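Colleague: Shown below is the structure under consideration.
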There are 2 protein chains.
Amino acid sequence: MKFNVEENGFSLSSQGKTILEHSPERPMIYVGKGEESLEMYRGNFDIEDYVIERYALKHAKIDQADSAVRVSFPNELELIIQITDGAAVMNIVLLNTEINRFWIRVAADADEKCYGCGEQMSYFNLRGRSFPLWTSEPGVGRDKTSLMTLKYDLESKGGGDYYNTNYPQPTFVSTKKYYLHIDTTAYCDFDFTHSAYHELQVWEVPKQIRIESAPSYLELAGKITELFGRQPELPDWIYNGAILGVQGGTERSFELVDRSIHHGIPVAGVWCQDWEGKLVTSFGLRLQWNWQWNKELYPNLPEKMKEYKEKGIRFLGYINPYLLEGTALYNEGKEKGYFATKEDGSDYLVDFGEFYCGVVDLTNPDAYEWYKNNIKRDLIEFGLDGWMADFGEYLPTDLKLSNGVSPMLEHNKWPVRWAQCNYEALEETGKLGEIVYFMRAGGAGIQKYCPLLWAGDQSVDFSMHDGLATVIVGALSAAMMGCGLHHSDIGGYTSIYDNLRTKELFLRWTEMAAFTPVMRTHEGNRPATNFQYYDDVETMEIFARLTKAHVELTPYIKELVKENAEKGIPVQRPLFMHYEEDENTYDIQTSYLFGPDMLVAPVYLEAQTSRELYLPEDEWIHLWTGKSYRGGIVTVETPIGYPAVFYRKESSRASLFESIGKNY
Amino acid sequence: MKFNVEENGFSLSSQGKTILEHSPERPMIYVGKGEESLEMYRGNFDIEDYVIERYALKHAKIDQADSAVRVSFPNELELIIQITDGAAVMNIVLLNTEINRFWIRVAADADEKCYGCGEQMSYFNLRGRSFPLWTSEPGVGRDKTSLMTLKYDLESKGGGDYYNTNYPQPTFVSTKKYYLHIDTTAYCDFDFTHSAYHELQVWEVPKQIRIESAPSYLELAGKITELFGRQPELPDWIYNGAILGVQGGTERSFELVDRSIHHGIPVAGVWCQDWEGKLVTSFGLRLQWNWQWNKELYPNLPEKMKEYKEKGIRFLGYINPYLLEGTALYNEGKEKGYFATKEDGSDYLVDFGEFYCGVVDLTNPDAYEWYKNNIKRDLIEFGLDGWMADFGEYLPTDLKLSNGVSPMLEHNKWPVRWAQCNYEALEETGKLGEIVYFMRAGGAGIQKYCPLLWAGDQSVDFSMHDGLATVIVGALSAAMMGCGLHHSDIGGYTSIYDNLRTKELFLRWTEMAAFTPVMRTHEGNRPATNFQYYDDVETMEIFARLTKAHVELTPYIKELVKENAEKGIPVQRPLFMHYEEDENTYDIQTSYLFGPDMLVAPVYLEAQTSRELYLPEDEWIHLWTGKSYRGGIVTVETPIGYPAVFYRKESSRASLFESIGKNY
């Protein structure tokens, strides 16, 4: 990177491209004061800011020495910038303590594209929009032009919008081939709407801003994961087949496993989210939030787990960092003072939708250890081989935490604390790489502590902002952040009003899931009225066929997962990661590379018999017909059960792919 | 008023109450730069501002001489404040021409209330909310918690919100007994959400800010209308009965007049909005926007007008400042270059909802004269005795005007230009006080040029944000601005989806209208499917009875109208205008004083058999029963046809009221 002192200002550039620039006429930094107001309703936030002052820092004093530069804005702040070939690390020293808002402009080109900001669900390329970064429920519908979203907004304040995500992160990757990360957990808003600059807003003066560049996106992925950590490999058992999301007690769950096996479905695990019991609410079935085996609903579970483990089928459960008022663990935690409280020290219960829970104060080392030990005892020692480590987004901003830090700064950190708690439970019991938990919430640093993301709660439909297509966007944007292992609820989760999962949706979702690292079903929030894979034989047969193809891909997938663990190169990749020269690849968010050798274009719309997609220049073989393609826009037939999947003819795995295409 | 120089700052106070205050710690003025973006769709605006800078002006230099003070903020701006007993007039000299955003904080008390900001429809007391001031369609539903509003937002971007109004004005009245007016036509946002100050935002540095105080609200009304002008008296013929809004041609319209007379309805006028012809759109019936007699639809109109005028019944028409593409007047205007154009000089047609019109450029003196002469020739000489002077809110912000001024500054001025054009047409033909036109659009200065407001296009329902109740709020807030003559479409106007006018709504609306200066019906946008007064005999009889009562009130109403013309005291008044000491009166927006001696509490909700209301301490006689009340919260029976109306026992008109109560 190159720092250039100019008349009245300076610039920072990499590979000939300007990243930062400052002059009194075009100031780089604005600072000021704001008064925020936030309201949370069931994980959905209404956030407003009253900006009292916002002014440019115009006149900089620059001192340069070796590889460090000090840029002083007298009485306001100082930047200490360490510059190396591939990086610029800017430490910020705050002088004016009245400042609580910070905006930095990053030089942009009109045709530049940007990616990341955590796991974004609606738009992969962030350019042209602004992205508030605050972990929350992602919303149901997520589209203010859809009546379903607006109705759900009215009834539950939960319709959401394009930027709502469980996993936001103040980091982006630019097509100028750098990433920029702001070291903060405060509320941010990254604004990519301007043509000449990106404006990044932070509700504090951040300690550090880090920019690293690389000659290629693959190398950049390595640098990002060097910073945030890398995910371990997945356990071997996960490649045995699908994880079946079933529930309703020992008998029903294992009967469904047997029925699935009977219909030829390879089963890697059975995931019972209600292993700890159930609650019924108007939204649908919810869980008994006391994370211990429920003997009434799951009699003989230990014996059954053992019996099926011997057949190669693991049992997975569920947990989250909240405890239902009145349950055994809640009572214990309350007695010990392990919950976050109101300002006056009294109980703070959070509404999760017709039931109320305590928030385990993960900033209290004793509470953290207690919760970790609960995981060790009630989940790991009990024998679970995995779980959904759900939630993490609901930290209210008006509670009191043990570490004395404002919840405004802890809110975005909470998913990482929650992930770390799970991670350490595994690490300390030697179970890393054997047990797997999967999360939807995230933040900067989640990379190291979360072995598997799942795409959260899609609606059971083909909508572009909350349906099947969002899973691809989620996988690709998380991939840019260094979270290279991603999967989703096959068939989606949320069914409200008359929006019901169809057989077609379930099968199209299965088609996609077969070409991701992990396949897992979910019955959704209203199992009885939504289509389930076991509802008809034809579905089970197609599901079995695609799961077998997935299992047969294991050698290839394991190689990718290993590459992710070692180099931080994600399993699902945007096309441009391997075809940097091809400008057509940069806006693609409905197809992806599954490793370097496979291109997957799921059918993401309803009632399609074919799929149009773009192939970068290469020799591509259509998986199911063996037909060869050279690149460009192509259309292939996509009857149910046959997604548009291609492999590179030159791949070292070509014969494996060829045999899968022939056999399934 | 008192200006006090203090250490590091100053304050301005009146009657012992602080109005303005400044110190470096509590700056009075913030300035900065913004980049707005506006989109208009059929008169509904989507307005956003990107505030690049906003900073406090902290250090003031104060020079005092006699009754004037100069407050300098070096390099930014100077205030030249003229101070007299009852007023402070602050002229602003801009030094830093980069500034295009201006915020001034006005000292507030926690329990202070504020009114005005033009004709507000949802909230009379402005405190606790922020009011963007930009003339526009008021919206259909106007309530983001109603599904109708949200649906209409989606389909037509026209759902609106609580602050949308045809008539905004950057002026408010405080219960500290002053008014504050900002002399600007730029976009404003008056923010009354803060407890210690009101923050008034202007999208320019305004030329002047004017504050006047008075010992009473009645005197303050006089001062406001001294500034903005006063409305002339209404013509005598208007007191003869109701104005019937009918349409569909000569035969149908006059047949309905005859039928009404036959059922005993006193008729002052017949108002045919389609006298110039019709268009059919999906919203409903629209008009042929070429403001000349349509001989096909209205054969023999001049003869009929003459015939009915002899019976004391006047004929009223309709006009607005736009012309439909391809009509005779449009073609003439286009040939003469009288329309506002695109930046490049090419035609600019505005979408009014499935039809497109030219915008007469009222800043072009020739175009203005031409349009005024059209009014003189085609309306006045033709023999109309009145008309609806509709619209004025649709000036797009991306067109080019003859005077070279930005449409951002002309937009809010347009309704006043349009009013003035009508006013001068009357004045120059000697018809002021004889012909009456009524407008929904307004702005500062409309007071002088608009002889009668109407409350715009309510929905045909009892909703609080777009139904009957909004007419009262509209009348009272306009009254605070000096527009003391107000009326409404009896029965409301807008019917969309399955929202249809009922007989009950029509009759409740009639009850209210009888106690306003003018009664006028409207068939609404979808006449065929909505209830009409002529739909049944019972309705016509009740309508006749209430219109007769209204006619009998003429001596009283004329006195009020005269008082409005002479002193600027509005006909419909908030209760506190006569009961300043009574704190309970300040938040009342569902009842009003009709002159000093009558208190009217319309039934504004559905399915009510009684009305609860507050009576200030006085001796009140219930109009229909003669029962006496002393004040406090009372409930009276309100069968259909009998609104809750009281008169002061001590009134000089008591015997008139008594006889009306007995006779009707």
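Colleague: Please pick out the residue among A:ASN4, A:ASN8 that is more than 14 Å from every other protein chain (Cβ to nearest Cβ) and touching a strand residue (DSSP E or B) at 6+ places or on another chain (Cβ under 6 Å).
Modeller: Among A:ASN4, A:ASN8, only A:ASN4 is more than 14 Å from every other protein chain (Cβ to nearest Cβ) and touching a strand residue (DSSP E or B) at 6+ places or on another chain (Cβ under 6 Å).
Colleague: Regarding B:ILE633, is this residue in the same structural domain as B:TYR586 (by TED's automatic domain parsing) and over 20 Å from B:PRO555 (Cα atoms)?
Modeller: yes
Colleague: Could you tell me how many of the residues in region B:12-22 are in a strand (DSSP E or B) and closer than 14 Å to B:ALA87 by Cα?
Modeller: Of the residues in that region, 7 qualify.
Colleague: Another question, then. Please work out which residue is surrounded by the most Cβ atoms within 10 Å (Cβ to Cβ), limiting yourself to region B:53-79 and to residues that are among the small types (Gly, Ala, Ser) and more than 11 Å from every other protein chain (Cβ to nearest Cβ).
Modeller: B:ALA60
Colleague: If I go through region B:446-482 residue by residue, how many of them are over 20 Å from B:VAL436 (Cβ atoms) and touching a Cys at 6+ places or on another chain (Cβ under 8 Å)?
Modeller: Residues in region B:446-482 being over 20 Å from B:VAL436 (Cβ atoms) and touching a Cys at 6+ places or on another chain (Cβ under 8 Å): 1 in total.
Colleague: Same structure again: Could you say which residue among B:TYR534, B:TYR493 is in contact with a helix residue (DSSP H, G or I) (Cβ under 7 Å, 6 or more places away or on another chain) and among the aromatic types (Phe, Trp, Tyr)?
Modeller: B:TYR534
Colleague: Which ones in region A:490-504 are among the charged types (D, E, K, R) and in a loop (DSSP other than H, G, I, E, B)?
Modeller: Result: A:ASP498, A:ARG501.
Colleague: Just give me the residues in region B:191-205 being over 13 Å from B:TYR30 (Cβ atoms) and aromatic (Phe, Trp, Tyr), in sequence order.
Modeller: B:PHE192, B:TRP203, listed by residue number.
Colleague: Now a separate question. Test A:TYR50 against the criterion of being surrounded by 14 or more Cβ atoms within 10 Å (Cβ to Cβ) and either away from chain B (no Cβ under 14 Å) or over 30 Å from A:SER216 (Cα atoms) (or both), and give yes or no.
Modeller: no
Colleague: Further question: Going residue by residue through region B:261-284, is there one that turns out to be among the basic types (Lys, Arg) and more than 27 Å from the chain's Cα centre (by Cα)?
Modeller: Within region B:261-284, none of the residues are among the basic types (Lys, Arg) and more than 27 Å from the chain's Cα centre (by Cα).
Colleague: Which one is nearest to the other protein chains (Cβ to nearest Cβ), of the residues in region B:12-46 that are polar (S, T, N, Q) and in contact with a strand residue (DSSP E or B) (Cβ under 9 Å, 6 or more places away or on another chain)?
Modeller: It comes out as B:SER37.
Colleague: Check B:GLU251, B:GLU226, B:GLU212 and return the single one that is on the phi < 0 side of the Ramachandran plot, surrounded by fewer than 18 Cβ atoms within 10 Å (Cβ to Cβ) and touching a Gly at 6+ places or on another chain (Cβ under 9 Å).
Modeller: Sole residue among the options that is on the phi < 0 side of the Ramachandran plot, surrounded by fewer than 18 Cβ atoms within 10 Å (Cβ to Cβ) and touching a Gly at 6+ places or on another chain (Cβ under 9 Å): B:GLU226.
Colleague: Continuing with the same structure: Filter region B:73-117 for residues that are among the β-branched types (Val, Ile, Thr) and touching a residue at least 60 places away in the same chain (Cβ under 8 Å); which is nearest to A:VAL51 (Cα to Cα)?
Modeller: B:ILE104
Colleague: Here's a follow-up. So which residues in region A:64-82 are modelled with pLDDT of 95 or more, more than 23 Å from B:TYR30 (Cα to Cα) and of a type outside the set (S, T, N, Q)?
Modeller: A:VAL69, A:ARG70, A:VAL71, A:GLU78, A:LEU79, A:ILE80, A:ILE81
Colleague: Which of the residues belonging to region B:546-577 are within 22 Å of the chain's Cα centre (by Cα) and either among the basic types (Lys, Arg) or not in a helix (DSSP H, G or I) (or both)?
Modeller: Selection gives B:LYS558, B:LYS562, B:LYS567, B:GLY568, B:ILE569, B:PRO570, B:VAL571, B:GLN572, B:ARG573, B:PRO574.
Colleague: Let me ask something else. What number of residues within region A:611-633 satisfy the criterion of being assigned to a strand (DSSP E or B) and touching a Lys or Arg at 6+ places or on another chain (Cβ under 9 Å)?
Modeller: The total comes to 4.
Colleague: If you don't mind, there's one more thing I want to ask. Does region B:552-570 contain any residue that is loosely packed, with under 15 Cβ neighbours inside 10 Å and within 20 Å of B:ILE472 (Cα to Cα)?
Modeller: Among the residues of region B:552-570, not one is loosely packed, with under 15 Cβ neighbours inside 10 Å and within 20 Å of B:ILE472 (Cα to Cα), which makes the answer no.
Colleague: For the structure I just gave you, tell me whether B:TYR162 is away from chain A (no Cβ under 14 Å), over 17 Å from B:MET40 (Cβ atoms), surrounded by 24 or more Cβ atoms within 10 Å (Cβ to Cβ) and under 21 Å from the mean Cα position of the chain (by Cα).
Modeller: no
Colleague: A follow-up question, please. Considering only region A:324-353, how many residues are under 24 Å from A:LYS157 (Cα atoms), among the hydroxyl-bearing types (Ser, Thr, Tyr) and modelled with pLDDT under 95?
Modeller: 0
Colleague: State all residues of region A:605-630 that are within 29 Å of A:SER463 (Cα to Cα) and among the basic types (Lys, Arg); if no residue qualifies, say none.
Modeller: Hit for region A:605-630 is A:ARG611, nothing else.
Colleague: Pick out the one residue from B:TRP293, B:TRP289 that is under 26 Å from B:ARG526 (Cβ atoms), in a loop (DSSP other than H, G, I, E, B) and touching a Cys at 6+ places or on another chain (Cβ under 7 Å).
Modeller: Only one candidate qualifies: B:TRP289.
Colleague: Something else about it: Restricting the search to region B:591-636, which residues are aliphatic (A, V, I, L, M) and more than 17 Å from B:GLU580 (Cα to Cα)?
Modeller: Scanning region B:591-636 gives B:VAL600, B:ALA601, B:VAL603, B:LEU605, B:ALA607, B:LEU613, B:ILE621, B:LEU623, B:ILE633, B:VAL634, B:VAL636.
Colleague: Of all residues in region A:23-80, count the ones that are of a type in the set (Asp, Glu) and not in a strand (DSSP E or B).
Modeller: Final tally of qualifying residues: 3.
Colleague: Here's something else I'd like to know. Could you check how many residues of region A:124-148 are surrounded by 24 or more Cβ atoms within 10 Å (Cβ to Cβ), within 14 Å of chain B (Cβ to nearest Cβ) and among the β-branched types (Val, Ile, Thr)?
Modeller: 0
Colleague: Would you check if B:ASN44 is surrounded by fewer than 21 Cβ atoms within 10 Å (Cβ to Cβ) and in the same structural domain as B:LEU77 (by TED's automatic domain parsing)?
Modeller: Criteria not met by B:ASN44.
The values are calculated or read from the model by the stated rules, or taken from the named source; none is laboratory data. Quick caveat, the model's predicted, so the values are computed rather than measured. Methodologically, a virtual Cβ is constructed for each residue, glycine included, from the backbone with ideal geometry; neighbour enumeration extends over all protein chains shown.
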